[in-house]
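The values are calculated or read from the model by the stated rules, or taken from the named source; none is laboratory data. Computed from a prediction, not measured in an experiment: that's the story for all the values here. Counting neighbours? That spans all protein chains shown, and the Cβs are built from the backbone with ideal geometry, glycine included.
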Amino acid sequence: MALLVLTGCSRGAYRDLEAGFAAEGGPSGIRTPANRLFMVSTRHRGAFQVGGVQVFLSADAVEIRPRFPASAYLRNLRLPAASISACSMTCFGPEDRYADLLLEPQGAQVSVDAASELVEWCWQNDLPMASAAETRGWLYRGHSLPSRTAYARVSREDYEEQARRACLGH
């Protein structure tokens, strides 16, 4: 019981997304190899990590489905592409890469360990690739993310290079 109370207190960013993006029914889309996610927020201190998630990609949304025991206290999420302001990439080493979904109005960065699949999905949905500096400026200094309306689609290779540079901290 104490674990559930402590987890409930530290999951502010996830709770914010549950309020507007709770998923109902079975998953849609293709399951990715994702197993973990972490979240940071402009509204809550610290990071929230969930191990044991399933992530599904459809043409217009990312679905996050926690597995037990997290499913006992976390709802499934469906994040529509139209609600995602930008994407980025965070890396903790060559094999520990996360694709970041940035939701500016909700102040949430959702980072999923299926980096290649999510970067491809972001490109297909014409989402801007935010640099690491732009992401840090938004998360920690209150700056705005790159505008979706001003985004000019680039080639897949250029998009992947932008993701790689964000991964390196540029």
Condition check: farther than 20 Å from Cys122 by Cβ and acidic (Asp, Glu). Does Glu24 satisfy that? yes
What are the residues in the range 128-170 that are outside any loop (DSSP other than H, G, I, E, B), basic (Lys, Arg) and more than 20 Å from Gly93 (Cβ to Cβ), if any? Arg141, Arg156
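Residue-wise test of (1) charged (D, E, K, R); (2) in a loop (DSSP other than H, G, I, E, B); (3) within 12 Å of the chain's Cα centre (by Cα).
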| site | (1), (2), (3) |
| --- | --- |
| Gln54 | no, no, no |
| Glu63 | yes, no, yes |
| Leu74 | no, yes, no |
| Leu79 | no, no, yes |
| Cys87 | no, no, yes |
| Thr90 | no, no, yes |
Take the conditions over 22 Å from Asn125 (Cβ atoms), without any contact (Cβ under 8 Å) to a residue 24 or more places away in the chain and crowded, with 19+ Cβ neighbours inside 10 Å and apply them to Pro94. Does it pass? no
Cβ-Cβ under 8 Å, sequence separation 6+ or interchain: first residue in the range 19-31 and without any contact (Cβ under 8 Å) to a residue 40 or more places away in the chain, partner surrounded by 14 or more Cβ atoms within 10 Å (Cβ to Cβ) and of a type in the set (Gly, Ala, Ser). Which pairs? Ser28/Ser58; Ser28/Ala61; Gly29/Ser58; Gly29/Ala61; Ile30/Ser58
For the range 81-91, enumerate the residues that are touching a residue at least 24 places away in the same chain (Cβ under 8 Å) and either surrounded by fewer than 19 Cβ atoms within 10 Å (Cβ to Cβ) or closer than 18 Å to Glu63 by Cβ (or both). Ala81, Ser83, Ile84, Cys87, Cys91
Members of the range 64-80 found to be buried (at least 19 other Cβ atoms within 10 Å of the Cβ) and either closer than 25 Å to Ser144 by Cα or of a type in the set (Ser, Thr, Tyr) (or both), listed by number: Leu77, Arg78, Leu79
Selected residue (criterion: modelled with the lowest pLDDT) from residues of the range 65-108 that are in contact with a Phe, Trp or Tyr (Cβ under 8 Å, 6 or more places away or on another chain) and more than 28 Å from His170 (Cα to Cα): Leu74
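Assess whether Phe38 counts as being assigned to a loop (DSSP other than H, G, I, E, B) and out of contact with any Leu (no Cβ under 9 Å at 6 or more places or on another chain). Before the answer, list the steps.
Values: assigned to a loop (DSSP other than H, G, I, E, B): no; out of contact with any Leu (no Cβ under 9 Å at 6 or more places or on another chain): yes.
Taking the combined requirement at face value, the residue does not satisfy it.
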Examine the range 40-54 for a residue that is touching a residue at least 60 places away in the same chain (Cβ under 8 Å), more than 22 Å from Cys167 (Cα to Cα) and buried (at least 19 other Cβ atoms within 10 Å of the Cβ), and state whether such a residue exists. no
I'm trying to understand the selection: among the residues of the range 95-127, which are assigned to a loop (DSSP other than H, G, I, E, B) and in contact with an Asp or Glu (Cβ under 9 Å, 6 or more places away or on another chain)? Asp96, Gln106, Gly107, Asp113, Asn125
